[in-house]
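Here's the structure we're looking at; comments come further down.
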Amino acid sequence: MPSHHKVLGALIILTYAFFPFDLIPDFLAFFGIIDDVVLATFVLERFVKIAPQTLKDKYKLG
């Protein structure tokens with residue numbers, strides 16, 4: 001994967017960390033946290049997908 005995709009992904013994550021925008025506000029208890037969990041899961045899945053194959057083999061990931 002090109003390095004500019006990795007940089008763009010890192011910038012998006014940092015932007016979300018410093019300026020968290022929620023699809024569903026957190027004051028709605030359970031439902032407000034769900035969007036954060038879904039986003040975190042999506043980001044982690046993307047990181048695993050763009051990781052070098054040697055790391056995937058080392059840690060037995062997809």
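On a 0 to 90° scale, report how tilted helix 30-50 is relative to the longest principal axis of the chain, with both axes built from alpha carbons and the result rounded to the nearest 10. In the chain, helix 30-50 runs at an angle near 10 degrees to the longest axis. For segment 24-62, applying the loop criterion from DSSP together with a ceiling of 13 other beta carbons within 10 Å to the trypsin sites (Lys or Arg not before Pro) yields LYS60. Net charge of the neighbourhood of TYR59, taken over other residues with C-beta under 15 Å away and scored Lys/Arg +1, Asp/Glu -1, is +2. On full extension, the segment bounded by LYS58 and THR15 gains 12.5 nm, given 0.36 nm per residue less the C-alpha separation.
Taking 0.36 nm per residue of separation and subtracting the Cα-Cα distance, full extension of the segment from ILE24 to VAL43 would add 5.1 nm. Among ILE24, VAL7, PHE42, whose Cα projects farthest towards the positive end of the dipole of segment 3-58, with charges put on the beta-carbon of Lys, Arg (+1) and Asp, Glu (-1)? Farthest towards the positive end: VAL7.
No lab work stands behind these numbers, since they all come straight from the coordinates. Given the structure is predicted, the values throughout are model-derived calculations rather than measurements. With ideal geometry, Cβ positions are generated from the backbone for all residues, glycine too; neighbour counts draw on all protein chains shown.
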